[in-house]
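Colleague: This is the structure, below, for whatever I ask next.
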Amino acid sequence: QVQLVESGGGLVQAGGSLRLSCTASGRSFSAFVMGWFRQVPGKEREFVASISWSGYLIYYADSVKGRCTISRDIAKKSVYLQMNSLEAKDTAVYYCAAAGGLTALRNSRIDYWGQGTQVAVSS
């Protein structure tokens, strides 16, 4: 079992930055591919970014490419999402996710979800 706890969400003005953190506890963190998803009310949860256990394979959704950076710290059992140049359309609940592989994660075949952290961007 893995528990994921996100933090770092909040209210920010358009053009600002936020850094989301996700800390894992329980089973071996390094065995999982980690990622971030986001969801707005009435819409499906959408993929934002993913990072392999090694940290070398990283993917971003086109909507955040160039504005977000995902990273992980195996020793701290944490994954981060640095978001810059935030826009109103980035407003959503952001979820940390763990999956057995990159393909699984990008296809939303998730083993573990965090509880979510709200990001609100005012225009």
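Colleague: Can you compute the radius of gyration and Dmax for segment 35-89, using only the Cα atoms, both in Å?
Modeller: 12.0, 37
Colleague: Roughly how large, in nm² to one decimal, is the mean projection of the convex hull of the alpha-carbon atoms in segment 63-123?
Modeller: Details: hull surface 19.6 nm².
Averaging across all directions leaves 4.9 nm² for the Cα convex hull.
Colleague: So, one more: For the chain, what is the convex hull volume of its Cα atoms per residue in Å³? Spell out each step's value before the answer.
Modeller: Values: hull volume 11.2 nm³, N = 123.
Each residue corresponds to 91 Å³ of Cα convex hull volume.
Colleague: If the cut-off is a Cα-Cα distance under 20 Å, which lysines reach residue 43, setting aside same-chain residues fewer than 8 apart in sequence?
Modeller: 89
Colleague: Mind listing the lone cysteines of the chain, meaning no other Cys beta-carbon sits under 4.7 Å from theirs?
Modeller: Those would be 68, since no other cysteine Cβ in the chain comes under 4.7 Å of theirs.
Colleague: Can you tell me the FRET efficiency between residue 75 and residue 7 if r is taken as the Cβ-Cβ distance and R0 is 25 Å, rounded to the nearest 0.05? Mind showing how you got there, number by number?
Modeller: Values: r = 18 Å, r/R0 = 0.72.
Once the sixth-power term is evaluated, E becomes 0.90.
Colleague: Given the Cα-Cα distance of residue 103 and residue 28 and 0.36 nm per residue of separation, how much length would full extension add, in nm? Write down the numbers at each step before the final one.
Modeller: Numbers: separation 75, 0.36 × 75 = 27.00 nm, distance 1.96 nm.
Answer, rounded to one decimal: 25.0 nm.
Colleague: Could I ask something else about it? Residues in segment 1-35, backbone N under 11 Å from the label point at residue 85 (7 Å along the Cα-to-beta-carbon vector): list them, ranges by number please.
Modeller: Zone members listed by number: 15.
Colleague: Using only the C-alpha atoms of segment 1-70, find the volume of their convex hull and express it per residue in Å³. If you can, show how the numbers build up before the last one.
Modeller: Working: hull volume 8.1 nm³, N = 70.
With only Cα atoms used, segment 1-70 gives 115 Å³ per residue.
A short reminder: the numbers here are calculations on the coordinates, not readings from a lab. Every value quoted in this text rests on a predicted model; they were computed, and no experiment measured them. Here Cβ is always computed from backbone atoms with ideal geometry, including for glycine, and neighbour counts include all displayed protein chains.
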